[in-house]
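Structure first, commentary second.
Taken together, the values in this text are just the output of simple stated rules run on the coordinates, not laboratory data. On a predicted model such as this, the values are computed, not experimentally measured, just so you know. Because the Cβ atoms are built from the backbone with ideal geometry, glycine has one as well, and the counts that use them run over all protein chains shown.
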Amino acid sequence: MQIEETRRGAILVLTPVGRIDNETGPAFQTRLLAEMGGGGATILLDLSKVQYISSAGLHVLIAATKQSKALNGRFAVAALQPIVKEIFTISRLSHVVPIFDDVTAAMAAWS
């Protein structure tokens, strides 16, 4: 899985490309949790290029949310594709992970 990375001030925007599933989930989790580092990181996950997320991918996002809170950081997702948004709704992950319509909305909320 490719993960594009950009910085917008103090906010790290990670954009995974493809699928987040059993095959890609472990490497994705390692990368995401490493970016959270020692604490206080602000990470926005732009899911605009993710076509599918499995339960393994949802587990990664739950772990990232927990670690972010424990380290006094901020973590959210943005720009969910329709199928990914449906999976978030069915799994009720939308009650755990903050979701923004797009990267611009997240930036506005966090500034």
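Bridging of Lys49 to lysines at a Cα separation below 18 Å is possible for Lys85, once same-chain residues fewer than 8 apart are set aside.
The helix-only estimate of mean residue ellipticity at 222 nm for the chain, built from DSSP H runs of length n ≥ 4 each weighted as -39500 (n - 2.57), is -12500 deg cm²/dmol after division by the residue total. For Ala105 and Lys49, the difference between the fully extended length at 0.36 nm per residue and the C-alpha to C-alpha distance is 18.4 nm. Each of Ile83, Ile20 was scored by other Cβ atoms within 10 Å of its Cβ. Listed from fewest to most, they are Ile83, Ile20. Residue separation of Gln2 and Ile83 scaled by 0.36 nm, minus their Cα-Cα distance, works out to 27.2 nm of gained length. Cβ crowding within 10 Å, taken as a proxy for footprinting-reagent exposure, orders Leu47, Leu33 from fewest neighbours to most as Leu33, Leu47. For Lys66, the aspartates and glutamates whose Cα comes closer than 18 Å to its Cα, not counting residues fewer than 8 places off in the same chain, are Glu35. Calculation over all alpha carbon pairs of the chain in 5 angstrom steps from 0 returns a P(r) of 2, 13, 26, 28, 21, 9, 1, 0 percent.
Indicate, rounded to the nearest 5 percent, the antiparallel portion of the DSSP beta bridges found entirely in region 2-103. Around 35 percent of the beta bridges assigned by DSSP in region 2-103 are antiparallel ones.
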